[in-house]
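**Q** Quick one: structure below, then a few questions.
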Amino acid sequence: VTFDKVQLIGGGAQLDHISEYVSETFMLPVAVANPFARVAYPAFMEDVLNELGSSFSVALGAALRVHLEN
């Protein structure tokens, strides 16, 4: 199996220089995933969610799971 990129998600993705470290370690491009990319939210929250959204990935996943089960 070969990979063409690494996506970081969760609170750890916000650590200083983690993207550079992972990129150098695996010699692959790195992107921080946006768990809110396909979720509707108020426009005024866009800057905050772009900066901190990755930290809410588990909570968002749990909320979506509960929503889809009901």
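**Q** I'm checking my understanding of the structure. Among residues of the stretch 15-39 that are over 16 Å from the mean Cα position of the chain (by Cα) and in a loop (DSSP other than H, G, I, E, B), which one is nearest to His67 (Cα to Cα)?
**A** The residue in question is Leu28.
Listed here are the residues, each with its yes/no results for (1) at pLDDT below 90; (2) on the phi > 0 side of the Ramachandran plot; (3) loosely packed, with under 14 Cβ neighbours inside 10 Å.
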{"site": "Asp47", "(1), (2), (3)": "no, no, yes"}
{"site": "Ser54", "(1), (2), (3)": "yes, no, no"}
{"site": "Gly61", "(1), (2), (3)": "yes, no, yes"}
{"site": "Leu64", "(1), (2), (3)": "yes, no, yes"}
{"site": "Asn70", "(1), (2), (3)": "yes, no, yes"}
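**Q** In the stretch 9-30, which residues are of a type in the set (A, V, I, L, M, F, W, C), at negative phi and modelled with pLDDT of 95 or more? Step through it out loud before you land on a result.
**A** At the first step, the residues of the stretch 9-30 found to be of a type in the set (A, V, I, L, M, F, W, C) are 9, 13, 15, 18, 22, 26-28, 30.
Then drop every residue that is not at negative phi, which leaves 9, 13, 15, 18, 22, 26, 28, 30.
Result: Ile18, Val22, Phe26, Leu28, Val30.
The values are calculated or read from the model by the stated rules, or taken from the named source; none is laboratory data. Please read all numbers here as calculations on a predicted model, not as lab measurements. Every residue, glycine among them, receives a Cβ derived from its backbone with ideal geometry; neighbour counts consider all protein chains shown.
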